[in-house]
Amino acid sequence: MKVLSVNAGSSSLKFQLYEMPEEKVLISGLMERIGIGNSFYTIKINGKKIKKEKELDNHATAFKVLVDELKENKVVDSLDDIKAIGNRVAQGGDYFDKSVVIDDDVLDKINELSCFAPLHNPAAVVAIKAAKQVFPNALQTAVFDTAFHKTMPKENYLYALPYSWYTDYKVRRYGAHGTSHKYVAQRANELLGRNDTKLITCHIGNGASISAVLNGKCINTSMGLTPNAGLIMGTRCGDIDASIIPYMMEKTGMSAKDIDKAINKESGLLAISRKSSDSRDIEDGIAQGDENCILAQKMYVRRITDYIAKYYVEMQGCDAIVFTAGIGEKSIDTRRDVLNELKVLGVKLDNEANNVKGEERLISAPDSSIKCYVIPTDEELMIARDTYELAK
Ligand code: ADP
């Protein structure tokens, strides 16, 4: 069965077409600048990369162009060869604890939850409607970034705020990156050869979160109502004293919107390094002795180890720490700095094994108390697997 996995942004469309259940990628690509002019797309097929410039006025046009490419490259004969489309949806709120087939009610709920994911959920709705127009006979599913975190106990998802904020406004911890945490946790359990495990999964990219996964189920995660909570990120501050916000609003006259921009787009590594949000630039800065970059990296690493320590205690131990996403997979220095801070727990890094980028590998020494792995994430594959299960 051919299953299309879709991750839509407001002006982009990332896709992979799989032959399932073989999990073979037939074609993958990214369409950019949809609806904002000068659009283009890149497609990877049979190891070849094709880049084309083409006006893509909206997501429906993007899907049509995708179909033309699939036909031209003889990946499919007709539209109906694509039996199911899996859509990544950022926020599933309290409604969804697993992937579901999309009907009108599901679509309404995704729309309603846009208040918690104002950039992402509306883009998913647009893409789902556009796909329905172009592929009227395909089954469509929603795979939620929050679903894996729905197993968190109440003491971990509730905030110590007025209770009516939770009951009336649904203010609680939802988490994010759930599809990625689930994928790497499953893979770690395969590598460990059992499922009764205590895992700490670190999805550290431009956005970053850490989860505690006990016996395959998420019991805690660092992101909150929104992705702003928890770790220091490229441009997000992560955990702060909440009273800083009213203080700065009163002092400067900043609006809620201004604050939102400051804490999501102007903070994090970018703010402290005063140079860049990209961990590669921070590493270059450190090599040149840049004090701001050195400080940014110290703060960044400290926050990660804070969360690992917290979850270690919560699970009363840990069998494996997993690193994934851009920085987790590729930053040798960040992994080294984090794991060296955990020596007190008996963690021992194998420096030679750690010299790896984007490849699955055990990076801890044989006598380390906790196994440490790099496991490249594959959210698209998770989307295709869930979609196939619902469609077969
Ligand atoms: P997103 O959250 O946008 O999906 P990614 O998981 O793709 O992010 O991670 C992107 C980040 O990964 C970049 O901002 C950069 O900080 C980091 N990164 C990518 N490649 C490397 C590398 N070779 N070394 C260190 N950091 C890297």
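Quick notes on this structure:
- Placed amide H near Ile27: partners under 5 Å, 5+ positions off or other chain: Leu17
- Under the Karplus curve 6.51 cos²θ - 1.76 cosθ + 1.60, θ = phi - 60°, whole-Hz ³J(HN,Hα) for region 358-365, x wherever Gly or Pro sits: x, 10, 5, 6, 7, 10, 8, 6
- Computed over the chain, relative contact order equals 14 percent, with contacts defined as Cα pairs under 8 Å that lie 6+ residues apart.
- For the pair Asp103 and Asn215 in one chain, pulling the backbone fully straight at 0.36 nm per residue adds 37.1 nm over the alpha carbon distance.
- Pair-distance profile P(r), taking every C-alpha pair of region 44-191, with 10 angstrom steps and integer %: 10, 30, 31, 20, 7, 2
- Debye intensity ratio I(q)/I(0), log10, the chain, q values 0.07, 0.12 Å⁻¹ (C-alpha model): -0.33, -1.01
- From phi via Karplus (6.51, -1.76, 1.60), per-residue ³J(HN,Hα) for region 121-137 in Hz, x at Gly/Pro: 4, x, 5, 5, 4, 4, 5, 5, 5, 5, 5, 4, 5, 7, 10, x, 9
- Calculation over all alpha carbon pairs of region 272-392 in 5 angstrom steps from 0 returns a P(r) of 2, 11, 18, 19, 18, 14, 10, 5, 3, 1, 0, 0 percent.
- Counted over region 1-136, the DSSP beta bridges are approximately 85% antiparallel.
- Lys54/Lys310 FRET efficiency (R0 51 Å; Cβ-Cβ; nearest 0.05): 0.60
- Long-range HN-HN contacts of Asp350 with modeled amide H, under 5 Å: Ser364, Ala365
- Angle of helix 59-72 to the longest C-alpha principal axis of the chain, folded into 0 to 90 degrees and rounded to 10: 70°.
- Using only side-chain charges placed at the Cβ, +1 for Lys and Arg and -1 for Asp and Glu, the dipole size of the chain relative to its Cα centre rounds to 180 debye.
- Nearest-20 debye value, region 255-361 charge dipole, Cβ charges on Lys, Arg, Asp, Glu: 220 debye
- Simple point charges give the picture: +1 on the Cβ of Lys and Arg, -1 on the Cβ of Asp and Glu, and for region 1-79 a dipole about the Cα centre of about 220 debye.
- Values of log10 I(q)/I(0), in the order q = 0.19 Å⁻¹, for region 291-342 under a Debye, Cα-only, solvent-free model: -0.68
- Gyration tensor (alpha-carbon) shape descriptor, region 250-343, a/c threshold 1.5: oblate
- Potential extension, Thr167-Leu30 segment - 0.36 nm per residue separation minus Cα distance: 45.4 nm
- Amide hydrogen neighbours beyond the local backbone of Val322, cut-off 5 Å, H modeled: Ile200, Thr201, Cys202, Tyr373
- Angle between the chain longest axis and helix 178-192 axis [Cα atoms, degrees, rounded to 10]: 70 degrees
- Degrees separating the helix 332-341 axis from the principal Cα axis of the chain, which is the longest one: 40 degrees
- Where region 28-183 is the region considered: accessible area per residue in Å², 1.4 Å probe: 49 Å²
- Mean projected area of the Cα convex hull of region 123-231, taken over all directions, amounts to 9.2 nm².
- Of Ser273, Cys318, Ser364, farthest towards positive along the dipole that unit charges on Lys, Arg, Asp, Glu beta carbons give the chain: Ser364
- Span from the region 246-269 Cα centroid across to the region 160-187 one, whole angstrom: 23 Å
The values are calculated or read from the model by the stated rules, or taken from the named source; none is laboratory data. Values in this document were obtained by computation on a predicted structure and should not be read as measured data. When we count neighbours, we look across all protein chains shown, and the Cβ atoms used for this are built from the backbone with ideal geometry, even at glycine. Ligands, DNA and RNA are stripped out before the accessible areas are found, and what is left, the full protein with its side chains, is counted by its heavy atoms. Shrake-Rupley method; radii C 1.70, N 1.55, O 1.52, S 1.80 Å.
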